[in-house]
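Trainee: Mind having a look at this structure? Questions to follow.
Readers should treat all values here as calculations from the given coordinates under stated rules, not as data from a laboratory. What you see is a predicted model, and the numbers here were worked out from it, not measured in a lab. Here the Cβ positions follow ideal geometry from the backbone for every residue, glycine too, while neighbour counts run over all protein chains shown.
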Amino acid sequence: MKLIKRIIQNIFAHLDMPLFLIVMALMGIGLMTIYSATSSDGFWKLDKQLINIAASMAVMLLVARTPPQTLMRFAVPLYVLGVVLLLGVALFGIVVNGSRRWISLGVMRIQPSEIMKIAMPLMLAWYFHKHESLLRARHFVVATAILLIPIIFILKQPDLGTSLLIGAAGFFVIFFAGLPWKIMLGLGAAAGAALPFAWSMLHDYQRRRVLTLLDPTSDPLGAGYHIIQSTIAIGSGGGFGKGYLNGTQTHLEFIPEKHTDFIFAVFSEEWGLLGNGILLILFTLLIGRGLMIAAAAPTMFSRLLAAALTLVFFIYAFVNMGMVSGILPVVGVPLPFISYGGTALLTLMLGVGILMSIHTHRMLVKK
């Protein structure tokens, strides 16, 4: 018994309990909603998601025990590995549904862009930490190049959603490192001037998504179908929802991708505005806790990394809710900790583990 008690105490010693409880609450909501969305197919997706959660939590616990100094050593190798794998995807990748995003490693296939969601903020945080004492404009130029290299590969796959998340993760690190406002304004002006060129570079289906956002009824049975059905589901939930397992849009199979990208529509229909309010409070608490950890971090590396990862959680939630609600184009971003899926959940829980590592080891890190 003493051994078991010691093991449990050792595990919980590296957990940030407020953050852990918030994440557990979100995953609990996710399991309930996944069951509602897939109940007509039996329990196999729920069972698989439980396995995904167990595996992701094991990774979270392992990373939480790893000191930030050790995590810093993985920054460059992980980034280089990610870029090499992205090059491999471009040359030898597997095409699925018109997109070349996967690469086969014999016994398994992986999506290298998922690696970059963690490797990018790690790499940039390491880079700015290394040059902390003499940051100059050239360092921000180099950081931008580090950010753009994998994004170009990912946009070519094409995968707009993942490139958006990686771009946001990298930008947040650069911003918190002290990016001058003059450069930010210049970049904003350049981005505005480049919009016509960017529009011409988009694939046809991506342009249709943007046009459909402006007028979903222009193609109600095609590109606009997702947005129309999801907004109907959200609106029909009203103030208090139709009740658990009673969503008509959900169970009559009107909502597409209802257990993955559009799971927010399922939740909204069943729990209404009240449920959405609770969900928003949980995400606000998650982001607030992450920013508190970032503010208390003792080194530039850990501060930048914690702040960037926290705001990536925000981008995940904001983009997913925005696209399901019809205020943003559909880009295939899951709702964090709630949508069905193993790869995205593993990445998110890895980020949670890093936040816990930064918090629980903060007194041991040399400034």
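Trainee: Taking the Cα-to-Cβ direction at residue 284 and at residue 197 and moving 7 Å from each Cα, how far apart do the two end points lie in nm?
Mentor: Reported label-point gap for residue 284 and residue 197 is 4.1 nm.
Trainee: Report, in deg cm²/dmol and to the nearest 500, the calculated mean residue ellipticity at 222 nm for the chain, where each DSSP H run with n ≥ 4 adds -39500 (n - 2.57) and the sum is divided by the residue count.
Mentor: After summing the helix terms and dividing by the residues of the chain, the value is -23500 deg cm²/dmol.
Trainee: Take the Cβ-Cβ distance between residue 327 and residue 148 as r, set R0 to 30 Å, and report the resulting FRET efficiency rounded to the nearest 0.05.
Mentor: 0.65
Trainee: Test of understanding: ordering 261, 204 by Cβ neighbours within 10 Å, fewest first, what list do you get? Can you show the working numbers first?
Mentor: Details: 261 24, 204 7.
With the sparsest Cβ surroundings first, the list reads 204, 261.
Trainee: For region 57-105, what class follows from the C-alpha gyration tensor (a ≥ b ≥ c being the square roots of its eigenvalues): rounded when a/c is under 1.5, otherwise prolate if a/b is larger than b/c, else oblate?
Mentor: Oblate.
Trainee: In nm, to one decimal, how far is the residue 182 label point from the residue 362 one, both placed 7 Å along Cα→Cβ?
Mentor: Taking the simple label geometry, residue 182 and residue 362 are separated by 3.5 nm.
Trainee: Just to be sure I understand the model, the point goes 7 Å from the Cα along the line to the Cβ. What's the resulting residue 105 to residue 74 distance in nm?
Mentor: 1.3
Trainee: Hey, fewest Cβ within 10 Å first, where do 102, 126 land in order? Can you show the working numbers first?
Mentor: Values: 102 17, 126 23.
With the fewest neighbours first, 102, 126 line up as 102, 126.
Trainee: On to the next question. Under 8 Å for C-alpha pairs, at least 6 residues apart: give me the relative contact order for region 67-201, rounded to a whole percent.
Mentor: Once normalised by length, the contact order is 23 percent.
Trainee: Here's something else I'd like to know. For an R0 of 51 angstrom, estimate the FRET efficiency from the Cβ-Cβ distance between residue 132 and residue 44 and round to the nearest 0.05.
Mentor: Given R0 = 51 Å and the Cβ-Cβ separation, E is 0.55.
Trainee: While we're on this one: So what is the relative contact order for the chain, in percent, with contacts set as C-alpha pairs under 8 Å and at least six apart?
Mentor: 27 percent.
Trainee: Here is a follow-up. Report the full-extension gain for the segment residue 91 to residue 291: residue separation times 0.36 nm, less the Cα-Cα distance, to one decimal in nm.
Mentor: 68.1 nm
Trainee: Next question. Based on the Kirkwood radius over alpha-carbon pairs, what is the Stokes-Einstein translational diffusion coefficient of region 67-201 at 4 °C with 1.567 mPa s viscosity, in µm²/s?
Mentor: Working: Rh = 16.0 Å.
Roughly 81 µm²/s, to the nearest whole number.
Trainee: Just rank 302, 104, fewest to most, by other beta-carbon atoms within 10 angstrom.
Mentor: Details: 302 27, 104 12.
Fewest-to-most ranking of 302, 104: 104, 302.
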